[in-house]
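Below is one structure; the comments refer to it alone.
The values are calculated or read from the model by the stated rules, or taken from the named source; none is laboratory data. All values reported here derive from a predicted model rather than from experimental measurement. Every residue, glycine as well, gets a Cβ built from its backbone with ideal geometry; the counts of neighbours run over all protein chains shown.
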Amino acid sequence: MPGKLKAKIVAGRHLPVMDRASDLTDAFVEVKFGNTTFKTDVCPKSLNPQWNSEWFKFEVDDEDLQDEPLQITVLDHDTYSANDAIGKVYIDIDPLLCTEAASIISGWFPIYDTIHGIRGEINVLVKVELFNDLNRFRQSSCGVKFFCTTSIPYSYRAVMVHGFVEELVVNEDPEYQWIDRIRTPRASNEARQRLISLMSGELQRKIGLKVLEMGGNAVVGYLQCFDLEGESGLVVRAIGTACTLEKFSSGSASITCPHPSTAPPSNACNSPKDGKELVFGEELPLSSGPPTPFRALPSSSSSPPPFSPSKPCSRQSSSSDTDLSLTPKTGMGSGGSAGKEAGPLKTLLRQQTQTTLEQRGASSSGLLLNAREFPFFTLTSFPPGFLVHVGGVVSARSVKLLDRIHNPALGNARSYKLLDWNSVTADEPETRDAWWEEIRQEIKSHAKALGCHAVVGYSENTSICEEVCILSASGTAAILNPRYMREGCLDVGSIDHRFDDPSPPNCGFCHIPYDELNMPFPAQLAYCYQCRRQKVPDVLFTTIDLPAEAAVTGKGCLIQARLCRLKKKAQGEVNATAISNLLPFMEYELHTQLMNKLKLRSMNALFGLHIQISVGENMLLGLASATGVYLTALPAPGGIQIAGKTPGDLNNEQHVAAIQKRINDAIAKNKELYQINPPELTDEGVGSPIPEPRQRSRIFRSHSESSDELSELDLSHGKKDAFVLEIDDTDAVEDIHSLLTDAPPPAGFHSCSTETMPGIYNWTSGIQMFTSVRVLRLNNTNLTNQGLNKIFTDLCENLLKSFYFKLRSTVPCCLCHLNFTVAVPEEELVQVSVTAVAMTFDKDQNQEKPPEKATTKGGSETEDQLQFPLELSADSSSTSPQPSKISGVAENTIVSTRAVSVDYGSFADRCSTWLELLRLKAHTIRRGSVKTSRRTQSLAHSVSSLEHCSPLPEGRSRSLCSSRSFGVGSVTMVKMTPLSFLPGTRIIKYLGIINMFFIRETTSLREEGGVSGFLHSFIAEVFAMVRAHVAALGGNAVVSYSMKDCVLMENPNKNQAQCLINVSGDAVICVRETDQEQTTNTGQTCGTIDGAT
Amino acid sequence: MAVELDVFVGNTTIMDEEVYQLWLDGYTVNDAVRARMEGGVLDEFDATADVLLSDTMDQYRTFQMCERLLHSPAKLANQLLFQIPPHRQTMLIERYYAFDDVFVREVLGKKLSKGTKKDLDDISAKTGVTLKSCRRQFDNFKRIFKVVEELKGPLVENIRQHFLLSDKLARDYAAIVFFANNRFETGKKKLQYITFQDFAFCAGQLINNWTVGAVGEGLWLLPLANMDVDLDKEFLQELKELKVLITDKDLLDQHKSLVCTALRGKTKAFNEMEANFKNLSRGLVNIATKLTNTKDVRDFFIDLVEKFIEPCRSDRWTAADVKLYLTHYTNSAHILDTFKHQVVWDRYMGVIKSCIFKMYHD
């Protein structure tokens, strides 16, 4: 019995009236954990009962402690009939299992009923006593910390980053069990909530085990998702980045540079040369590492990391890499496009996948291989020096048919027996696990094609409609600093020279990772505008946050590409085929839109790019959101040129000229709006003149057959490189219109999809997190693609306008982390959900500069202790026989992994047309005259902008600090934010992960104010429950909050609706930066408070 | 194409004071949108009517969900559903319990019963206050009345504590409760010119001076309930003794001569005062002696108007004249040797004086 769980029920308040006769309630409480149940006495005739129960003790395995929630049911005692349930509270006790997190859960919890919502509150105390269990074969992973935050959490430093962890658990959905026909909706909802709670507990435990096995103690960037697959089951899956974290302590604040002898062994391993530690985020003095529980980690962390070095990477392997990198040339677009990689990899990947599957099957624990297999990181922001180069966005999608899966295990899963798909080995390849494996392989090879050995900012998601499921993964191909890696494990042979002289931190990540002579895709290269030494692409797309040290000109803004595509209703394979046929076109158009909009704003890079493609019965929706910025290191973007199709026509020419003028005006206006004034370039400069290839990429409508018109278009007027838009049909005209109709945010507002807005530094502490959901019913049955596009674009634009309006009193402010999620819940419905935070900032940007954390730390000297046991260059050379020529691939029956898992002959046709299209595009990119302009930018400028650009909010003192304090009234104010920090405050303690799943159902929709009223109160209730849990843990804020799922089903005719919401985040204690002494007032004693600031 | 669903939920509940007021005033969503457009929000901020409609709907929903909590304001502070900063909570409560003087003037002194509630549409039509707003205000009166009815202790303080209202508003509600409890007649035509604030002031005077709680100081601890709501029975009984001021001819003459001596030369209305002294004195003393009858208590204000204010007004007394007259009228009684009821007289006249001052206007 390694653990004792103790719970005490103190009191209730605001209970509902359960007895109409007396207008009172006779309440009592059942406390259940696992199979043990305790009851309190009945507190008769009171709406505010005081139970003050004894401590109920549960003696349980720590495995159960991790999996099971504590279940508290409040009931109304009824002498004659069955007791009526008032509602329930599920308490996740995971935070108590971590010695560093919360020590007690104590507070008021809303009593929740899936039919009636919140019905009063209950005051509960929960404690856990853990006994030490040194059993090596234990199944639990208590003590492993989980963070949703996608960066190294504040007040921690990463001793080691181990790499990718993933897990997936499948079960039958209780909603689809036979018993559901006879039980009440309430019972069904509760069964589902409980099951998902159990499954996420188990998932977390299993991931924890993997982390322990790797020698880590934490998972950062933990991303858990649900796939409600209907009849075929319920999938809970999670990915994350395993790390060994160490907390800063105040005790040894003065020691910033521990001696190797005092450093814990886990620190010292494999990196003998260093003495300095890497600091993340906070300017905290480093300690030598006080005794933390992780000192007692399995000794494997001090021995050489568990991953044995792979075979030495030969020249040959890298050359085969190059071959591979040629393959997706067709798709990568300039600057790394968003996964437009065409399909010629399928065959290849098949083989790869199979090999890996065999390997996994053969390996006693697939985990070790897995981590090495996928050098993926869910992190989106990194300590300085970590990220060497960024290649571009890599993404992969795959369409699967759910009903085709044979689920051998589901047949006997009646009793909520949880199944682990990882245990289903290679003999059952068509499992979800294999699907993801396949996708990850594809991502990995894309990264390789970009000359990168790692993928950062990695995420996965799905979209399900009936039996069709689109699996998507995306990330940013990158090269991480080899100094963090063990010797011999990195395949840096071909790119070695790049590390010879370390790139300046503020532009290094922009430098191309791939070989200039062997570029994976046609791109326009130029020497870096900052250091003048390395080549940079003309555009850079990434899924990560803007690195703190990056130099940015002007301000950034939200850039969205929106797209609708109609599709015929179909079933099964036909449907899947139709979808896979549409996907590449959608990606292509989204990419084009992004590119055009980027250029229209005079920007040259996208950060935090997130592309979502949602499938509905009769349409596909695509939404790409990102933050556009002007990276100082990258060349200025050329304008957009409009070209008429028939040059002879005078009317047409006037028309073209008019449009061209509008576009030019828009660009000029945007430059002013976003304060993009890159320093003028002068022709004399250092070094040799760079032959700058002038090029012009022509964007074709994906369905316009204009191959024969290629040659006639040679618009070489103007000195800038231009993006040419051809008005060859009405679609294009509409495209241009839509390009111009994107309204900029009103004065005083900014918006971005990343954590912070480049160009804004002095945040004040005012924040307002919000969730908004809008559903549109398309009544018009005969809509065209264009009509739909317009509707969809308007929907998104109107939502943004609504936000600006609602938050108008908070200006100047920035909507950060605007996270749009689209769905097609029913045939004619389009649903968009947005969660974001409005953060106020000080109008006077010059008033104060944040202390430059990033630069003072210095990238090069402090980074030595971060080690990568990861094998970042997996031995794909041995596992993947690669085609040597594109043509060879193209002529084969190529099947993209996006396709249905079954091969269809028709795919070959589809793919070859697609390839043709891309090839055409490549043809249009021609080398023009040599441009010898270069730049002698004053370094002073870049330095000063660097000072500005740290998005971290740790200004030492703020002139504007909200006077609101946290604890007011009897309810603790709990702040929530999707960001990893709260401006003006410092996080002093992470209390554990919040991961909650709720179902709400109603059979009186009209009475609850229609579907809007229903969802409004449900979202408010979810917020309330999150806040209550955080407050009970002793916290006062939630960071990295996100609403993963919001699935709404309605039937207004039956007056019914049901909604599922899944939210997650990190519960924290934070204190205002200005008053450190308040730290002890926040309810929890914190041993580690930094006192140095 | 129609918006099927549209919600916006903030972690800190966003409430626009302007929209809140429109909601309280009983505007429908569409009317509120129109009012906001006329108010010029759109000009200040570049937005379309759709945006305004969506925002208004959201806010209305929020208010509707909050309304339940506002019925017992103490709950608003410790509920978990809405995160509202304390100063916003105060605003919400204060505004919710605010009322229109024109409306309250109509129901003042009426029984807060279902019957009265049925008449609300007439009142709404008459006052121009929307029916919805009338209902809210009426329900507020009733709710507060019900709660404080059961409570011991000072009325104003009870209201303030249970409904977290400002002192001013709590006093107004105390007046409303006091009027409703004693059923003072306020609806007569002759009383129409008296505003709610006049009445509220008078109610405050009565509560502070004529109720059990007024002289409380622990002496009459036993019947604690309603001690601020009901008039002091013992005092009303004692008032009968004042009758001697008008029944004893000598005393009346003596009183008159004292007052006239004091007033002579100080006012233009002296002649009228002298001529009317006996009538006026009879009127005031008669009001005092009849207050033991519940019926006459109800007619207290109408009696004051008929027996004192109207005669004075017809003689064109100025407010200063009234003040001068009443001061001397009250003080002179102290000099009367045979008049023994000085304490009761002061307690009575103190209130009468200030009420008349307040009520003496056009």
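A compact table of results
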| quantity | calculated |
| --- | --- |
| So A:His817, is it more than 9 Å from every other protein chain (Cβ to nearest Cβ), on the phi > 0 side of the Ramachandran plot and in contact with a Pro (Cβ under 9 Å, 6 or more places away or on another chain) | yes |
| Selected residue (criterion: nearest to B:Asp139 (Cα to Cα)) from residues of the range B:64-79 that are surrounded by fewer than 19 Cβ atoms within 10 Å (Cβ to Cβ) and not polar (S, T, N, Q) | B:His71 |
| Flag for A:Val165 being part of a strand (DSSP E or B) and either surrounded by fewer than 23 Cβ atoms within 10 Å (Cβ to Cβ) or under 18 Å from the mean Cα position of the chain (by Cα) (or both) | yes |
| Identity of the residue in the range A:971-998, aliphatic (A, V, I, L, M) and in contact with a Lys or Arg (Cβ under 9 Å, 6 or more places away or on another chain), that ends up modelled with the lowest pLDDT | A:Val971 |
| Qualifying residue in the range B:89-108 (condition: among the polar types (S, T, N, Q), surrounded by fewer than 19 Cβ atoms within 10 Å (Cβ to Cβ), in contact (Cβ under 8 Å) with a residue 24 or more places away in the chain and out of contact with any Leu (no Cβ under 6 Å at 6 or more places or on another chain)) | yes |
| Matching entry among B:Leu92, B:Leu80 (being within 27 Å of A:Met769 (Cβ to Cβ) and in a helix (DSSP H, G or I)) | B:Leu92 |
| B:Val148 vs. criteria under 20 Å from B:Phe184 (Cβ atoms), away from every other protein chain (no Cβ under 14 Å) and in contact with a His (Cβ under 8 Å, 6 or more places away or on another chain) | yes |
| Test: residue in the range A:1042-1050 that is within 13 Å of chain B (Cβ to nearest Cβ), over 30 Å from A:Glu466 (Cβ atoms) and surrounded by fewer than 21 Cβ atoms within 10 Å (Cβ to Cβ) | no |
| Qualifying positions in the range A:458-491 - closer than 28 Å to A:Trp436 by Cβ and at pLDDT below 50 | A:Met485, A:Arg486, A:Cys489, A:Leu490, A:Asp491 |
| Residue ranges of helices (runs of 4 or more DSSP H) in the range B:1-68 with at least 1 members more than 8 Å from chain A (Cβ to nearest Cβ) and in contact (Cβ under 8 Å) with a residue 24 or more places away in the chain | B:17-24, B:29-39 |
| Residue match in the range A:654-661 (condition: among the basic types (Lys, Arg) and touching a residue at least 40 places away in the same chain (Cβ under 8 Å)) | no |
| Number of positions in the range B:78-88 that are of a type outside the set (Val, Ile, Thr) and in contact (Cβ under 8 Å) with a residue 24 or more places away in the chain | 4 |
| Qualifying positions in the range B:232-290 - touching a residue at least 60 places away in the same chain (Cβ under 8 Å) and not in a helix (DSSP H, G or I) | B:Asp248 |
| Count of the range A:1-35 residues which are over 11 Å from A:His77 (Cα atoms) and in contact (Cβ under 8 Å) with a residue 24 or more places away in the chain | 22 |
| Failed item, numbered, when B:Thr338 is tested on (1) at pLDDT below 85; (2) within 17 Å of B:Glu238 (Cα to Cα); (3) part of a helix (DSSP H, G or I) | (3) |
| Subset of the range A:562-578 [buried (at least 22 other Cβ atoms within 10 Å of the Cβ) and over 26 Å from A:Leu739 (Cα atoms)] | A:Asn575, A:Ala576 |
| Among residues of the range A:784-807, those that are within 9 Å of chain B (Cβ to nearest Cβ) and touching a helix residue (DSSP H, G or I) at 6+ places or on another chain (Cβ under 8 Å), counted | 5 |
